[in-house]
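What follows draws every value from the coordinates through simple rules; no lab data is involved. Remember, predicted model here, so these are calculated numbers, not experimental data. Neighbour counts run over all protein chains shown; Cβ positions are idealised from the backbone, glycine included.
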Amino acid sequence: MKKKLISLLLTAAMAISLAACGGKEPDNGQASSGGASQSDAAKDSNAGTPAEDGPLTPFADTVTLEVALMINSGLNYEPGDDITNNPWIRGYKDKLNIEVVPAYTAEWDDYFTKINFAIADKKLPDVCMVQTYQLQQMIEADLLYDMTEIYDKYASDIVKGYMAIEPESFDSGKADGKLYGIAQLGVGPIAQINPVWIRKDWKDGLNLEDPKSIDDLVAMEKAFQAEYGSTGIAVDQSLTTLKILAPAWGAYPDIWISRPDGQIVYGSVQPEMKDALAAWAQWYQEGIINSNFALINGDKLNEDAVNSKVGIYPFKNWLGWSAGTDMISNLGREAYLEAYPVPSANGEKVLYPLGCDNFSYIVVSKDCKNPEAAMKCINFYADLEKNGTANGMSKEEILSYFNIDHAAQVLRVQDPNLDRDTFMVASKAAAEKDDSNLISVKQTQAYADIVNFIDNGDPVAVGGYMLWAPVKSAYSVAEPIISAGDVIKNQVWAVTPDSIAKIGTTLDDILTQGFTKIITGEEPLDYFDTLVEEWKTAGGDTATQDVNQMYGNQ
Amino acid sequence: MKKKKLSASRKIFLICNYTLLVVVCLSCVLPFVHLLAVSLSGRPAVAAGKVTFWPIEFTVSSYEYALKKGDFMRALGNSLVRTFLGTMINLVFMVLTAYPLSKEKNRLTGRNIYMAYFVFTMLFGGGMIPTYLVVSRAGLKDTIWSMILPGALPVYNMVILMNFIRGLPEELQEAARIDGASEFQLLYKVMIPLLKPALATVGLFCIVGHWNDWFSGVIYLNDRAKYPLATYMQSLLRSFESLMRQAGSNYRQLASQINVRTGRAAQLFLGALPVMLVYPFLQKYFTTGLTLGSVKG
Amino acid sequence: MKNMKKRFKREWQMHLMLLPGILVIFIFSYIPLYGLVIAFEDYNPGRGFSSPWVGLKNFQFLFSQPNFVRTIWNSLYIAVFKMLGGISVSVLFALLLNEIGNKILKRIFQTLIYIPNFLSWVILAGILTDLLAADGLVNQTLQAFGLNPVNFLGSPSVFPWTMIISDIWKGFGFGTVVYLAALTSIDPELYEAARIDGGGKLAQTRFITLPMLAPTIVLMLVLSLGSVLNAGFDQIYNLYAPVVYDTGDIIDTYVYRLGITQAQYSVGTAVGLFKSVISMILVVASYKLADKLANYRIF
């Protein structure tokens, strides 16, 4: 009896899922029940133009695109809207006659977990976004649509323009000359320059000069400790903040750099790193960095900053949001941080590390009926973001209607110059107090944050202020560096050799552990040489060979 | 019958005993108090790490936020259904399996082979992907059964239960058998009542297991509306990390996320509360020495 | 033949009872076992289970990693002490709770010690890092008593014990529940008899309670041996730092870091298989031992 019940359940469940599978077929013939009126409207508006099929030409008959949507619980949609139903989803339908239906929705990590299982099951949705290793697995398993022709024919000039800015990233989506993954790109190199953040009220209070050298920075920290009770330059167990300072000594931890002889080497094990470590060990002894750094993580650092224990904090450009808001709330209007370039330790010019910030690709299933629909959706986003009003929509309509954050992340390629352009426009507008030239949501938000913080000292706006402001903001520091090309590129771009991917972070772990021991004085400075040998035998040598084979002799 | 007078050493023992228990219990409660305090505090104080065991800048806005988002209540409902259904099925499977296995091998042909068959799966598993493929091929994906059927028989708890049954006096069963009861009747009428404390114990483990399991929800469910509470909250916690990693254009969202750090504490508290409320009721059964009472009666 | 028939008549209902369990275990535990082949393959999910065969290469890769052997030792060390400590503390508290006459109080205590079980390590880790920090509550208390502060999470020699003790603290409520349930099934007449013979509380505990609990203790011990190489990923992952890798890095945290850049199915499965084999040896050995020495069979 029990058995019967179970088999009954199994059959029932199977029937349900079969029905669901049947529903997957895009019903090209008739418009689906829900959006009938809309699709009629779409047809009407294009009735007279059966012209050539281009990047943004609507489909004559509604096509369905099953998309795995990435969701973000932090987003707030308009009442009644959500990730599966919002102006963008309706926009795809109204303007392109594409019905985007969710295969599933999941958060970042969960999303890629689900993709992993989907690969094993060989059941992909029409469109999804994947990470590099997943792209390679999918190509090997022959699950993907060859997008080469579709891309040539349908990608808009804007999208092609983005790819031209970062050809390495674009090419990393190809295999044997065929395009399988469309790189989603990042927000550009400007976001990768990490400044040194310094407490404004403390620096002003002591009337200190901008730091020109690492010695200046140390002197400043000492002054902060004497006057304000700073517990040291902010450092945590990951050593991230110290690594941001490393270029001061010409050291480039964590990236693969090209030596003058053409050899590609790992920055963390070069002699310059030893110089940096020597200085940091000295700092630790003198109490220049916080003594408990080996035990704490980034959250604790932010807590320290909010508790007024930190005056110098080398960090990413979004520090204003992770710590700034709460600093203002707790410590007052002037207790925010200003950005400065990394000062040099030896008088030489400081170059900044620059890596690939393309983390994902849009891929289309081999079984997809209308692969060009995916391309059109991508064009649609790029067009609205870039052209704004040029598409026959009013500025107000775009600003109020299409919140960029709400666009399906799976169906968008980012403009690698987006943040840079936004900074240029918004900071200029803020400096001149003239908002008439703002044309995108992002620019408007950036402008509003700067002005709001200057005028009202709003704690929530300080994040935007510290990023976009015309002076001493993250981007005001980064922009000249990018323009001057004062950067060192990571030679490994997107695709890592197997030997590195296979051992995960364990190679770097050996170094982090060893560096920590050197800094805390548990091991002498010369332990660095032992450490390098250890790193080499643990797989570092193989990794170096493979990297040179893959990326060398360019 | 009870001795009212206590010896001096007994008194000292009791005092020490109570003191120790109170101290240990306090240590067990403090984390929860902390969570509660954070959930009731204002954001700046939490960000500064000032909140320990008492709310600072008291506010209930986190709870308003957590409960207003309809997702929470829906997920809570899903969890209740899943936990109830899952635990019931666990209990049925465990009893049906544990009872025959509690027999000696001369009373049940192949008993040791059966046992080895089950115990083997405690030690060896095929891993996530093959299990996923089986669930997918069985058509269970995106249904509540994907979270229930694969673990319908928790072998670990079944072994505990079987040992409980073995500890029961054999005479009871014999008596019933002489009365001509079938094994099913025997199990239902005689054994189940005797097993109440044991069933409450393993039942509790099943409840906590179902309530806290989030991963099967992530891999088997496509529709977020079906997420149980643990999966839903896990995804909330993760969204923060994901923002940090993509930090590029998502700065503003990051801000709103940190804002809900206290809201998350509220959700975690609300999430753990239902199981904690069930617990005292189950406990009643642990302490009633039913077994021998019924022998005498 | 006649015998067989008789047996069948007597036993068929019990075989029937076993059927649902056997089926469900077969479908969801035995069928997926074919997935173990990927431990011997260079598995690519897209290609499925017929990925290239590489024999023992995944195992060789693991053991060639300089720090892998260290993690095995750490896992064993931490897991064994967690197990032994967990059982002794649970038994102790079951006994202590049993001495409480007031039923309501008893139930309150019992509820409270189970509370940490409801919280995940992610949350507990956040709280513990605060409590155990150099200037945290615990060290402040130690200093108030004139003791030296302890570097609970940063000292390689202390870290494993911080893990062991905090894990026992989190989990002992679970064991206590089991042992209390076992205590309730002890015949009160036994105590009555002991009391008449003039046996004190200690003697009763020594000669009645503990022997009666022994089967349950052995049961719990052997069952936990099945996961002896799982030293607690969630806990350690959330509390460790590179400074304590030497003593605190366990198999699971290590493999996690190995696979962090891309899902390492083959290596992960190889590790799982390795752990399973070790566990099986331990469980079988302890089962035989319990059978031989105490004449007690748990399975």
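Could you compute the net charge surrounding residue A:336? Neighbours are other residues with a C-beta less than 13 Å from the C-beta of residue A:336; K and R count +1, D and E count -1. Show your work: numbers first, answer last.
Numbers: positive: A:199, A:200, A:203, A:333, A:472; negative: A:201, A:204, A:326, A:334, A:338, A:449, A:458.
Counting the neighbours of residue A:336, the net charge comes to -2.
In degrees, nearest 10, range 0 to 90: what is the angle between the Cα axis of helix A:474-484 and the longest Cα principal axis of chain A?
90
Can you work out the FRET efficiency for the pair residue C:122 and residue A:333, with r the C-beta to C-beta distance and R0 = 35 Å, to the nearest 0.05?
0.50
Among rounded, prolate and oblate, which fits chain C when a ≥ b ≥ c are the square roots of the eigenvalues of its C-alpha gyration tensor, a/c under 1.5 means rounded, and a/b larger than b/c means prolate?
Here chain C falls in the oblate category.
Roughly how large, in nm² to one decimal, is the mean projection of the convex hull of the alpha-carbon atoms in chain A?
Working: hull surface 123.6 nm².
So the mean shadow area of the Cα hull is 30.9 nm².
What order do you get for B:235, C:75 when you list them from fewest to most C-beta neighbours inside 10 Å?
C:75, B:235
Rg and Dmax of the protein assembly as shown, using alpha carbons, in Å: what are they?
For the protein assembly as shown, the Cα-based Rg and Dmax read 32.2, 107 Å.
In degrees from 0 to 90, rounded to the nearest 10, what is the angle of the helix A:506-520 Cα long axis to the longest principal axis of chain A?
With both axes taken from Cα atoms, the answer is about 30 degrees.
Summing +1 for each Lys or Arg and -1 for each Asp or Glu, what net charge is found among the other residues whose Cβ lies under 12 Å from the Cβ of residue A:503?
Overall, the nearby charge balance is -2.
Using +1 on the beta carbon of Lys and Arg, -1 on that of Asp and Glu, and nothing else charged, what's the dipole of the range C:1-76 about the Cα centre, debye to 20?
Using only the charged Cβ atoms, the result is roughly 760 debye.
Among residues other than residue C:78 whose Cβ falls under 12 Å from its Cβ, what is the net charge (Lys/Arg +1, Asp/Glu -1)?
Every neighbour counted, the sum reads -2.
Would you please report the Å³ per residue occupied by the convex hull of the alpha carbon atoms in the range A:49-120?
115
Rounded to the nearest 0.05, what FRET efficiency do residue C:26 and residue A:84 have when you use their Cβ-Cβ distance and R0 = 45 Å?
Once rounded, the FRET efficiency stands at 0.70.
By count of other Cβ within 10 Å, fewest leading, how are C:209, C:111 ordered?
By the 10 Å Cβ count, ascending, the order reads C:111, C:209.
Going by how many other beta carbons lie within 10 Å of each one, how would you line up A:454, B:89, fewest first?
Ranking A:454, B:89 by Cβ neighbours within 10 Å, fewest first, gives A:454, B:89.
Per 0.36 nm of contour for each residue apart, how much would the distance between residue A:53 and residue A:349 grow if the chain were fully extended, relative to their Cα-Cα spacing?
That works out to 101.4 nm of additional length.
Can you give the FRET efficiency to the nearest 0.05 for residue A:437 and residue B:137, using r as the Cβ-Cβ distance and R₀ = 35 Å?
The computed FRET efficiency comes out at 0.05.
I want to make sure I understand the PRE zone here: with the label point 7 angstrom from the Cα of residue C:230 toward its beta carbon, which residues in the range C:155-192 have backbone N atoms less than 17 Å away?
Output list for this probe position: C:167-168, C:170-172, C:174-175.
Can you give me the distance in nm between label points at residue B:7 and residue C:134, each placed 7 Å from the Cα along the Cα-to-Cβ direction?
According to this spin-label approximation, the distance is 5.2 nm.
Do the alpha carbons of any pairs in A:93/A:122; A:174/C:275; A:489/B:50; A:93/A:472; A:349/A:428 sit beyond 32 Å of each other, and which pairs? Display every interim value, and only then the final one.
Values: A:93/A:122 28 Å; A:174/C:275 39 Å; A:489/B:50 42 Å; A:93/A:472 44 Å; A:349/A:428 28 Å.
Listed pairs above 32 Å: A:174/C:275; A:489/B:50; A:93/A:472.
Name the residue farthest towards the positive end of the dipole of the range C:59-294 from the options C:121, C:96, C:155, assuming +1 on Cβ of Lys and Arg, -1 on Cβ of Asp and Glu, about the Cα centre.
C:96
In chain A, which longest range has no GluC sites (Glu not before Pro) that are both DSSP loop (not H, G, I, E or B) and surrounded by at most 14 other Cβ atoms within 10 Å?
Answer - A:349-521.
By Kyte-Doolittle mean hydropathy of at least -0.5 and Cα axial length of at least 30 Å, which whole DSSP H helices of chain C are selected? Don't jump to the answer; show the numbers that get you there.
Numbers: long enough: C:2-25 (33 Å, -0.18); C:68-98 (44 Å, 1.47); C:159-184 (37 Å, 1.05); C:265-294 (42 Å, 1.15).
Length and hydropathy pass: C:2-25, C:68-98, C:159-184, C:265-294.
Apply the a/c threshold of 1.5 to the C-alpha gyration tensor of the range C:40-193 and tell me whether it is rounded, prolate or oblate.
Values: a/c = 2.62, a/b = 1.49, b/c = 1.76.
Oblate shape, in that a/c is at least 1.5 and b/c is the bigger or equal ratio.
Cα axis of helix A:2-22 to longest principal axis of chain A: angle in degrees, 0 to 90, nearest 10?
The two axes meet at around 90 degrees.
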